[in-house]
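One structure below.
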Amino acid sequence: MTREHLEAANRALLDAIETPPETGLEDELDDLADQLWYLATEKERMPDQGRLERVQYRLTVLRERVHGRRDELVASAIEHVSASRQREKPRA
(Lines give C-alpha, C1' and ligand atoms only; values in the text may rest on other atoms or scores of the structure.)
Protein backbone atom coordinates (compact mmCIF):
# COMPACT_ATOMS: atom_id res chain seq x y z
CA MET A 1 0.00 0.00 0.00
CA THR A 2 2.91 2.37 0.53
CA ARG A 3 3.52 2.85 -3.16
CA GLU A 4 -0.19 3.47 -3.77
CA HIS A 5 -0.18 6.19 -1.11
CA LEU A 6 2.83 7.83 -2.73
CA GLU A 7 1.17 7.69 -6.15
CA ALA A 8 -1.95 9.31 -4.67
CA ALA A 9 0.20 12.05 -3.10
CA ASN A 10 1.81 12.61 -6.50
CA ARG A 11 -1.61 12.94 -8.16
CA ALA A 12 -2.77 15.43 -5.52
CA LEU A 13 0.28 17.62 -6.16
CA LEU A 14 -0.18 17.44 -9.93
CA ASP A 15 -3.77 18.59 -9.43
CA ALA A 16 -2.51 21.40 -7.17
CA ILE A 17 -0.13 22.56 -9.92
CA GLU A 18 -3.03 22.83 -12.35
CA THR A 19 -5.25 24.69 -9.87
CA PRO A 20 -5.36 28.43 -10.61
CA PRO A 21 -4.18 31.01 -9.86
CA GLU A 22 -0.45 30.69 -10.44
CA THR A 23 1.44 31.66 -7.32
CA GLY A 24 5.07 31.00 -8.16
CA LEU A 25 5.00 27.78 -6.14
CA GLU A 26 4.38 25.54 -9.11
CA ASP A 27 8.07 24.60 -9.50
CA GLU A 28 8.29 23.51 -5.88
CA LEU A 29 5.06 21.51 -6.20
CA ASP A 30 6.42 19.92 -9.37
CA ASP A 31 9.70 19.00 -7.67
CA LEU A 32 7.86 17.30 -4.82
CA ALA A 33 5.52 15.53 -7.25
CA ASP A 34 8.56 14.25 -9.18
CA GLN A 35 10.16 12.93 -5.99
CA LEU A 36 6.98 11.15 -4.96
CA TRP A 37 6.58 9.60 -8.41
CA TYR A 38 10.17 8.35 -8.30
CA LEU A 39 9.70 6.89 -4.83
CA ALA A 40 6.41 5.25 -5.82
CA THR A 41 7.31 3.79 -9.21
CA GLU A 42 10.98 3.83 -10.10
CA LYS A 43 12.94 3.12 -6.96
CA GLU A 44 13.60 -0.59 -6.46
CA ARG A 45 13.53 -0.57 -2.67
CA MET A 46 10.92 1.08 -0.50
CA PRO A 47 11.83 4.65 0.48
CA ASP A 48 13.46 5.15 3.85
CA GLN A 49 11.67 6.95 6.67
CA GLY A 50 14.10 9.87 6.60
CA ARG A 51 13.41 10.68 2.98
CA LEU A 52 9.66 10.41 3.47
CA GLU A 53 9.91 12.65 6.54
CA ARG A 54 11.80 15.31 4.55
CA VAL A 55 9.18 15.26 1.80
CA GLN A 56 6.39 15.47 4.36
CA TYR A 57 8.12 18.40 6.09
CA ARG A 58 8.51 20.29 2.80
CA LEU A 59 4.83 19.71 2.07
CA THR A 60 3.88 21.01 5.52
CA VAL A 61 5.92 24.18 5.01
CA LEU A 62 4.51 24.62 1.52
CA ARG A 63 0.95 24.21 2.79
CA GLU A 64 1.37 27.38 4.86
CA ARG A 65 1.88 29.31 1.61
CA VAL A 66 -1.10 28.03 -0.40
CA HIS A 67 -4.82 28.69 -0.07
CA GLY A 68 -8.18 27.35 -1.14
CA ARG A 69 -8.26 24.24 -3.31
CA ARG A 70 -4.46 24.05 -3.39
CA ASP A 71 -4.41 23.89 0.40
CA GLU A 72 -6.82 20.94 0.29
CA LEU A 73 -4.72 19.12 -2.30
CA VAL A 74 -1.44 19.66 -0.45
CA ALA A 75 -3.16 18.48 2.76
CA SER A 76 -4.25 15.36 0.90
CA ALA A 77 -0.67 14.75 -0.26
CA ILE A 78 0.54 15.13 3.34
CA GLU A 79 -2.04 12.59 4.52
CA HIS A 80 -0.96 10.09 1.87
CA VAL A 81 2.74 10.48 2.70
CA SER A 82 1.92 10.11 6.39
CA ALA A 83 -0.08 6.95 5.67
CA SER A 84 2.81 5.50 3.69
CA ARG A 85 5.18 6.26 6.57
CA GLN A 86 2.87 4.53 9.05
CA ARG A 87 2.85 1.39 6.93
CA GLU A 88 6.64 1.39 6.66
CA LYS A 89 7.41 1.61 10.38
CA PRO A 90 8.77 -1.67 11.71
CA ARG A 91 6.53 -3.49 14.12
CA ALA A 92 7.93 -4.25 17.56
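Listed here are the residues, each with its yes/no results for (1) more than 15 Å from Ala83 (Cα to Cα); (2) of a type in the set (Ser, Thr, Tyr).
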{"site": "Glu4", "(1), (2)": "no, no"}
{"site": "Ala12", "(1), (2)": "no, no"}
{"site": "Thr19", "(1), (2)": "yes, yes"}
{"site": "Glu28", "(1), (2)": "yes, no"}
{"site": "Thr41", "(1), (2)": "yes, yes"}
{"site": "Arg45", "(1), (2)": "yes, no"}
{"site": "Arg51", "(1), (2)": "no, no"}
{"site": "Gln56", "(1), (2)": "no, no"}
Evaluation of Val66 against (1) over 14 Å from the mean Cα position of the chain (by Cα); (2) in a helix (DSSP H, G or I) (one fails), failing number: (2)
Any hit, segment 1-15, residues being exposed (fewer than 12 other Cβ atoms within 10 Å of the Cβ), in contact with a Lys or Arg (Cβ under 8 Å, 6 or more places away or on another chain) and assigned to a loop (DSSP other than H, G, I, E, B): yes
Scope segment 39-62; condition under 11 Å from the mean Cα position of the chain (by Cα) and not polar (S, T, N, Q); matching residues: Leu39, Ala40, Leu52, Glu53, Arg54, Val55, Tyr57, Arg58, Leu59, Leu62
Unmet criterion (only one of (1) small (Gly, Ala, Ser); (2) exposed (fewer than 13 other Cβ atoms within 10 Å of the Cβ); (3) in a helix (DSSP H, G or I)) for Gly24: (3)
Total residues in segment 36-54, condition at pLDDT 95 or above and out of contact with any helix residue (DSSP H, G or I) (no Cβ under 6 Å at 6 or more places or on another chain): 2
Close pairs from segment 51-78: first surrounded by fewer than 17 Cβ atoms within 10 Å (Cβ to Cβ), partner among the polar types (S, T, N, Q), Cβ under 6 Å, at least 6 apart: Arg69/Thr19
All positions within segment 27-53 that are assigned to a helix (DSSP H, G or I) and of a type in the set (A, V, I, L, M, F, W, C): Leu29, Leu32, Ala33, Leu36, Trp37, Leu39, Ala40, Leu52
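The values are calculated or read from the model by the stated rules, or taken from the named source; none is laboratory data. Worth saying up front: this structure is predicted, and the values here are computed from it rather than measured. With ideal geometry, Cβ positions are generated from the backbone for all residues, glycine too; neighbour counts draw on all protein chains shown.
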